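Some notes on the structure that comes next.
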Amino acid sequence: HNLERHHATHLLRTVFNDPNANSGGGPNFPDDDREGGICVGGREGVMFLMTSSVDRDTLRAIWSAADPDGVGTLTRRSQFHALLRLVAMSQAHLLPPIAGVPDPTPVLLDSLAKYGHLEVSLPTFGACDPTPTTAFLISNYAVQSGGMGAEA
């Protein structure tokens, strides 16, 4: 999902002020899914996630699924992608109910594995208003990652 990678890069750069974030891989950039490739702290992440209109309990479970070791900081791009994808799935009402589930992390990860291939709108956040357009994301990030083909 190239467009999702470009959106993640945009958020890392504009919301989390990570100048080293790139669109992940490509011939001109190293893969930043290595440990320490990004840094999204829990405090900043929670403040940002709260602008998604997803309920707090679901957001808490989504953060736990993205940070399974409970470090409190997302340091890998794949963690940030999972977080964004789960928020998008929640906004699209594609996640199963997790109220009352003692440990919802496996439920969310299972949903991500089963339905992660589906086309879902990019997640929206009040902290990123207006939401960047597809044209903006492609024109600003596709060249950097070396991808100019189909973006969806």
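The values are calculated or read from the model by the stated rules, or taken from the named source; none is laboratory data. Given the structure is predicted, the values throughout are model-derived calculations rather than measurements. Cβ atoms come from the backbone with ideal geometry, glycine included; neighbour counts cover every protein chain shown. We work out accessible area using only protein heavy atoms, side chains counted, and drop any ligands, DNA or RNA first. Shrake-Rupley method; radii C 1.70, N 1.55, O 1.52, S 1.80 Å.
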**Study point:** Average accessible surface area per residue within segment 36-123, 1.4 Å rolling probe, Å²
**Key:** 51 Å²
Check your understanding: So how do 67-75, 82-90 stack up, highest first, on mean other-Cβ count within 10 Å?
Key -> 82-90, 67-75
Exercise for review: Order 77, 43, 5, most accessible first, counting only protein heavy atoms with a 1.4 angstrom probe.
Suggested key: 43, 5, 77
Exercise for review: On the protein heavy atoms, probe 1.4 angstrom, tell me the percent of accessible surface of segment 36-123 carried by carbon and sulfur.
Suggested key: 57 percent
Check your understanding: In nm, what is the difference between 0.36 nm times the number of residues separating residue 92 and residue 64 and their Cα-Cα distance?
Key -> 8.1 nm
